[in-house]
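The values are calculated or read from the model by the stated rules, or taken from the named source; none is laboratory data. Fair warning: this is a prediction, and the values are worked out from it, not measured in the lab. So basically every Cβ, Gly included, is an ideal-geometry build from the backbone, and we count neighbours across all protein chains shown.
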Amino acid sequence: MLRVILLSTCLVGMSGMASAQEAPFPGQEAQDQMYRLASLEGDWTAEISLWGQDGDWQVHGEETVHIYYMLNHMALREDPAEHPVNTFRLESTIQYDQNRDEYRLVAMDDTWGNMDIYSGDWTSEDTLTLDNLTSGTSYVGPDGSQMHFRLSTQIIDADHNIFTVEMSGDGGASWLPFQRIERRRLEAAD
């Protein structure tokens, strides 16, 4: 009798496993949206430019960055450069929220400790734009002023993309250029 109970318990458990394997992946929509960013994965030479007082981009330096998928291709992460051009180290992770139909990026630094949260979507076929206007994570200056940022990633092709940062001191009514990072894929070593 014990063998019959054990056998039927195993069969019920195995049939449940088969059903689980046949069920669709619950995060399929999110994973599909994250695959739109697949060309960002890899190792890059990043040319960092700052908006100059002359009204144009001024090259500030170059660094190497690594971008990779994690969590079953549900997140894309950029680790900071070992020796960044900026005086602070910044790391970011992006995911797609399929419940709210938006991308979210979290950025963390080693200087201010401000975990900044951005949200947004594709503003054109090749450009993903996110901002921190509604997250409550704007940068607060010593005088209490708030600085918001808008991040745009334009995918030129599989080996070239441009990441642009704009800033706003008036809650997003106007935006000013701040930083531009032009990434070109590093050639694989033979």
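At a glance:
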quantity: Glu82 being part of a loop (DSSP other than H, G, I, E, B), over 22 Å from Trp51 (Cα atoms), of a type in the set (Asp, Glu) and without any contact (Cβ under 8 Å) to a residue 40 or more places away in the chain; calculated: yes
quantity: The listed residue being in a helix (DSSP H, G or I) and more than 18 Å from Asn161 (Cα to Cα), out of Gln31, Gln95; calculated: Gln31
quantity: Which numbered condition Arg77 fails, given (1) at pLDDT 80 or above; (2) in a helix (DSSP H, G or I); calculated: (2)
quantity: Selection within segment 40-72 - surrounded by fewer than 16 Cβ atoms within 10 Å (Cβ to Cβ) and either hydroxyl-bearing (Ser, Thr, Tyr) or within 18 Å of Gln98 (Cα to Cα) (or both); calculated: Thr45, Thr64, Tyr68, Met70, Leu71, Asn72
quantity: Filter result (crowded, with 16+ Cβ neighbours inside 10 Å, touching a Phe, Trp or Tyr at 6+ places or on another chain (Cβ under 9 Å) and more than 14 Å from Val65 (Cβ to Cβ)) within segment 139-164; calculated: His148, Phe149, Arg150, Leu151, Ser152, Gln154, Thr164
quantity: Qualifying residues in segment 155-184 (those that are closer than 20 Å to Thr93 by Cβ and of a type in the set (S, T, N, Q)) - the one modelled with the lowest pLDDT; calculated: Gln179
quantity: Unique residue being among the acidic types (Asp, Glu) and either within 19 Å of Gly42 (Cβ to Cβ) or surrounded by fewer than 18 Cβ atoms within 10 Å (Cβ to Cβ) (or both) when the list is Asp131, Asp121; calculated: Asp121
quantity: Residues that are farther than 13 Å from Leu37 by Cα, in a loop (DSSP other than H, G, I, E, B), touching a residue at least 24 places away in the same chain (Cβ under 8 Å) and not β-branched (Val, Ile, Thr), drawn from segment 111-128; calculated: Trp112, Asn114
quantity: Of residues in segment 165-190 being surrounded by 14 or more Cβ atoms within 10 Å (Cβ to Cβ) and of a type in the set (Asp, Glu), the one farthest from Ile117 (Cα to Cα); calculated: Glu182
quantity: Residues satisfying the stated conditions in segment 34-72, i.e. under 26 Å from Asp121 (Cα atoms), among the aliphatic types (A, V, I, L, M) and not in a helix (DSSP H, G or I); calculated: Leu37, Ala46, Ile48, Leu50, Val65, Ile67, Met70, Leu71
quantity: Selected residue (criterion: modelled with the lowest pLDDT) from residues of segment 80-106 that are surrounded by fewer than 16 Cβ atoms within 10 Å (Cβ to Cβ) and charged (D, E, K, R); calculated: Glu82
